[in-house]
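Below is one structure, written out as structure tokens, with a few remarks after it.
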Amino acid sequence: MLFRDSSNGAIAITQPSHAWLSGQIMRAWGNVEFGNIAPYEDVCLGAEQHDIGWLEWEQSPTLNLTTGRPHGFRDLSVAAHTAIWRRGTDLALAFGRYPALLVSLHGTGLYANFAGAAADAAIVQDFLGGQLAIQQRLLASLRLDQRLGEFCRPETVDRNRRLVRTADRMSIAICTGMQDLAVRSDDPQRGIVKQVPTAAGETDIHLRVVDGDLGKIVVAPWPFVAGQVQVACEGVLLPSRPDDEAAMRVALGTASRVVLSVELRPT
């Protein structure tokens with residue numbers, strides 16, 4: 001889960017809901033400076049479903065006893081986290097090979113520079129090795145595909161992986177109100193998404209909240225087709241601190257739902 005503080009209390013956004021917002025960002029993407037998306041539908045679907053592995057966990061979230069909230073996506077153990085990403089690749093295959101490839105690449109990208117506890121290193125290496133084997137099998141099959149073969153060149157696959165990563169991080173910035181460590185800056189009203197692919201190279205995208213209103217965010221440089229983009233996802237208002245995990249799950253099931261609607265604007 002992701003969390004955002006509001007005047008009415010903390011809002012929890014599930015990983016699939018955040019991913020849905022990522023998909024909306026990806027579907028609006030593209031202009032002369034940032035290039036187009038190809039294969040369009042497959043990449044957009046990959047962005048939209050990149051957290052599909054979290055579906056089961058989100059139905060029965062676990063309780064963080066320290067915070068009194070459900071575990072955030074950064075709170076889970078390496079073993080739990082990598083198991084979720086394995087499941088995500090398997091589930092994404094139900095949609096197709098190219099989206100599944102991007103889901104797998106996104107998951108392994110999170111662990112590419114793992115520097116955690118030594119006890120977790122073997123878990124990470126097993127995860128990376130297994131996913132690499134899947135990626136190689138998918139690419140071998142996709143290269144023979146009449147429709148998708150042309151999009152399997154290493155530079156194309158890497159660009160599309162980075163596009164999914166960009167949409168993910170822009171969505172994280174929106175969902176957390178610029179507060180997640182992946183995007184936050186020295187200014188709490190600003191976020192930054194680094195190493196975004198463009199038509200000719202890469203750049204950083206800066207996001208700025210307008211007059212303290214998280215429903216209005218300026219994006220620069222502007223990466224979208226339209227002159228203004230509206231995106232939205234749902235969260236739930238977190239109930240008061242629960243007595244235990246079972247109580248938390250019951251309370252989440254009946255908690256008030258909140259729509260996070262955001263207008264993205266150019267400078």
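The values are calculated or read from the model by the stated rules, or taken from the named source; none is laboratory data. In this text, all values refer to a predicted model and were calculated from it rather than measured experimentally. Here the Cβ is made from the backbone with ideal geometry for all residues, glycine too, and neighbour counts use every protein chain on show.
Mind checking which residues of segment 235-267 are under 25 Å from the mean Cα position of the chain (by Cα), in a loop (DSSP other than H, G, I, E, B) and exposed (fewer than 15 other Cβ atoms within 10 Å of the Cβ)?
Hits for segment 235-267 are Ser256, Pro266, Thr267.
Pull up segment 174-195, narrow it to residues that are of a type outside the set (A, V, I, L, M, F, W, C) and crowded, with 18+ Cβ neighbours inside 10 Å, then point me to the one that is farthest from Leu214 (Cα to Cα).
Asp180
Scanning segment 20-79 for residues that are touching a helix residue (DSSP H, G or I) at 6+ places or on another chain (Cβ under 7 Å) and small (Gly, Ala, Ser), which turns out surrounded by the fewest Cβ atoms within 10 Å (Cβ to Cβ)?
Looking at the filtered set, the residue picked out is Ser60.
Looking only at segment 93-136, which residues are polar (S, T, N, Q) and in a helix (DSSP H, G or I)?
Across segment 93-136, the qualifying residues are Ser104, Thr108, Gln125, Gln131, Gln135, Gln136.
Those residues that are touching a Gly at 6+ places or on another chain (Cβ under 6 Å) and either within 17 Å of Tyr98 (Cα to Cα) or of a type in the set (Lys, Arg) (or both), I need them from segment 151-183; list them, please.
Hit for segment 151-183 is Val164, nothing else.
Which residue pairs have Cβ atoms under 8 Å apart, sit 6 or more places apart or on different chains, and have a first residue in segment 25-40 that is closer than 18 Å to Ala200 by Cα and a second that is part of a helix (DSSP H, G or I) and modelled with pLDDT under 95?
Note: no pairs meet the criteria.
Residues in segment 143-163: is at least one closer than 30 Å to Pro61 by Cα, in contact (Cβ under 8 Å) with a residue 12 or more places away in the chain and of a type in the set (Val, Ile, Thr)?
The answer is no; no qualifying residue exists.
Among the residues of segment 200-233, what is the count of those that are surrounded by fewer than 16 Cβ atoms within 10 Å (Cβ to Cβ), charged (D, E, K, R) and assigned to a strand (DSSP E or B)?
The total comes to 4.
What residue, of Ala100, Ala12, Ala80, is without any contact (Cβ under 8 Å) to a residue 24 or more places away in the chain and of a type in the set (Gly, Ala, Ser)?
Within the list Ala100, Ala12, Ala80, the selection yields Ala80.
Rundown of residues vs (1) closer than 21 Å to Ser141 by Cα; (2) in contact with a Phe, Trp or Tyr (Cβ under 9 Å, 6 or more places away or on another chain); (3) not small (Gly, Ala, Ser), yes/no style:
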{"position": "Gly46", "(1), (2), (3)": "yes, yes, no"}
{"position": "Ile52", "(1), (2), (3)": "no, yes, yes"}
{"position": "Trp57", "(1), (2), (3)": "no, no, yes"}
{"position": "Ser60", "(1), (2), (3)": "no, no, no"}
{"position": "Phe73", "(1), (2), (3)": "no, yes, yes"}
{"position": "Ala92", "(1), (2), (3)": "yes, no, no"}
{"position": "Leu101", "(1), (2), (3)": "yes, no, yes"}
